[in-house]
Amino acid sequence: TTSMKWDTNGIVLAISGSKEFKGSNGEQKKQQMIQFYSPFGKHLRTLKIPGSSIAAITWERDSLRLAIAMESYIYFANIRPDYKWGYFNNTLVYSFKKPDRTEHCVSFWDPKTKERHIKYVRKLVTIDA
């Protein structure tokens, strides 16, 4: 069974399915996997899953976990987004998306003082340090 779902931000498409291959002893085997793609068709990652078949997949609300229905179980895969970040002048700067906002949330964190400030930026391209 093949299933596909966009994350809640429309940034990552998850496609589940299987791939057949020959094992070391020549027998046919089937590997369950989930492929992740950008909106532009760029392959991001592959998650290989042990088991016989994936029945369905769905994203949780914040797109940080993927629920995978397989046989009589539900598995959860934690998804690590590709954050834009930089470090300069004793400050860690990183960005992420919130589902309820269209802008990027940019966080400025000073690890020495533990102070954190947040700014929202439209159309963030990169963070350079």
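The values are calculated or read from the model by the stated rules, or taken from the named source; none is laboratory data. Predicted, not measured: the structure shown is a model, and the values here were computed from it. As a convention, Cβ positions derive from the backbone with ideal geometry for all residues, glycine included, and neighbour counts pool all protein chains shown. We work out accessible area using only protein heavy atoms, side chains counted, and drop any ligands, DNA or RNA first. Shrake-Rupley method; radii C 1.70, N 1.55, O 1.52, S 1.80 Å.
Considering the conditions (1) among the basic types (K, R); (2) more than 26 Å from T1 (Cβ to Cβ); (3) open to solvent by 70 Å² or more (accessible area, probe 1.4 Å); (4) within 21 Å of the chain's Cα centre (by Cα), R65 is excluded by exactly one of them, (2). Out of Y87, Y75, which single residue is part of a strand (DSSP E or B), over 20 Å from the mean Cα position of the chain (by Cα) and surrounded by 11 or more Cβ atoms within 10 Å (Cβ to Cβ)? Unique residue meeting the criteria: Y87. Each residue in segment 9-51 was checked for being more than 30 Å from C105 (Cβ to Cβ), hydroxyl-bearing (S, T, Y) and surrounded by 10 or more Cβ atoms within 10 Å (Cβ to Cβ), and 1 of them qualify.
Among the residues making up segment 100-129, those that are under 21 Å from the mean Cα position of the chain (by Cα) and surrounded by fewer than 13 Cβ atoms within 10 Å (Cβ to Cβ) are D100, R101, T102, K123, V125, T126. Among the residues that make up segment 97-107, is at least one of them modelled with pLDDT of 90 or more and over 26 Å from F36 (Cβ atoms)? No, there is no match, as no residue in segment 97-107 is modelled with pLDDT of 90 or more and over 26 Å from F36 (Cβ atoms).
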